[in-house]
Amino acid sequence: MSTKKKVFDYIKKRQRVTVGELVDNFNISRWAIYKHLNSLMKEGKITKTGKPPRVFYLVKKDEKERDFLIDEKDKKIIEGNYLIITPSGERKEGVEGFAYWCNKNNLDVGKVANEYVKTFEKYNNYKKSGVINGNDKFQNTFRDIFLDDIYYLDFYSVERFGKTKLGQLLLYGKQSGNKKIIKEIIEIIKPKIERIIKTHKIDAVGFIPWTVKREVQIMRELEKGMKIATGKIKIEKIKTEITVPQKTLNKLGDRVENAEKTIILTENVRYKNVLLVDDAVGSGATMNETARQIKDKKIAKKVVGIAITGSFKGFDVISEV
């Protein structure tokens, strides 16, 4: 029996092992162990989990045959747009991720793939030049609207299939503070935001501040990473005795009150057109209130908003982010 086969059988028996454990058991070099592990991963027999220095190798669970079940056109769309983060923190994309989700929910991969593509195309039809116009949503939500235009780069989630690819990246980039994911988000959104800036002749940009304290603040990382060459609008979030994040409020009136009493602008400069950037818009109360203050203080005449993700309906609660 080859050493590689012995390594595989050992992993299968022990279920989860480290390189150090394999080195001790087989009494061969780490280089040789890595060689066998890399070969087994290329063959799709094992996978790994964890981050250095605690990385574990385990046998990859058999998945149902899937590629030949999915129409080539559907497969192309799924490969480019589907992403799921498993409960154990493993990233699965494209057909592999979609098959994982189907198998977990006991669904027929081929049949559901076609349903996913129809749903994807339904929501994708709302995009024009890569962005979604959210003006109708705001008109159905607020009596007084202070934004001249509002856009989303994608919906946060869609019916039945849950979070979009950008929604997944935003959720886990924000919650985990994973700078690699945040950098990936920047690469996706920067060209689209730059296009909005050019189209609307934006001369200043403001980033909506955060409420929940985190070691890595995604809005700060976005502002630094995008390096937008315009003026900057400073928007502050007032610290109160008890912090109440917008995502914890289920009533629109409460969200409006929260925004009115915690958002403040102290700018004295004047601009023509301002762009407000937010990570996710559920109700839109914070962005609308910020736009109101910009106009009341005569900082700018025109205010455009853009969010990485937004909800499809009118008032909605995106409580995760």
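The values are calculated or read from the model by the stated rules, or taken from the named source; none is laboratory data. These numbers were taken from a predicted model, which means no experiment stands behind them. As a convention, Cβ positions derive from the backbone with ideal geometry for all residues, glycine included, and neighbour counts pool all protein chains shown. Quick note on the areas: whole protein, heavy atoms, side chains included, nothing else; ligands and nucleic acids left out. Shrake-Rupley method; radii C 1.70, N 1.55, O 1.52, S 1.80 Å.
Here Lys201 meets each of (1) of a type in the set (Lys, Arg); (2) out of contact with any Ser or Thr (no Cβ under 8 Å at 6 or more places or on another chain); (3) modelled with pLDDT under 95 with one exception, condition (3). When you look at Ile77, is it within 30 Å of Lys165 (Cα to Cα), touching a Gly at 6+ places or on another chain (Cβ under 7 Å) and modelled with pLDDT of 90 or more, yes or no? For Ile77, the condition - within 30 Å of Lys165 (Cα to Cα), touching a Gly at 6+ places or on another chain (Cβ under 7 Å) and modelled with pLDDT of 90 or more - is not met. For segment 70-123, the set of residues classified as of a type in the set (Val, Ile, Thr), within 21 Å of the chain's Cα centre (by Cα) and either buried (at least 16 other Cβ atoms within 10 Å of the Cβ) or within 20 Å of Lys60 (Cβ to Cβ) (or both) consists of Ile77, Ile78, Ile84, Ile85, Thr86, Val95, Val117, listed by residue number. For segment 125-165: of the residues being in a loop (DSSP other than H, G, I, E, B), in contact with a Gly (Cβ under 8 Å, 6 or more places away or on another chain) and hydrophobic (A, V, I, L, M, F, W, C), which is surrounded by the most Cβ atoms within 10 Å (Cβ to Cβ)? Restricting to residues being in a loop (DSSP other than H, G, I, E, B), in contact with a Gly (Cβ under 8 Å, 6 or more places away or on another chain) and hydrophobic (A, V, I, L, M, F, W, C), the top hit is Leu147. Scanning segment 284-313 for residues that are closer than 15 Å to Val205 by Cα, open to solvent by less than 10 Å² (accessible area, probe 1.4 Å) and assigned to a loop (DSSP other than H, G, I, E, B) yields Ile299, Ala300.
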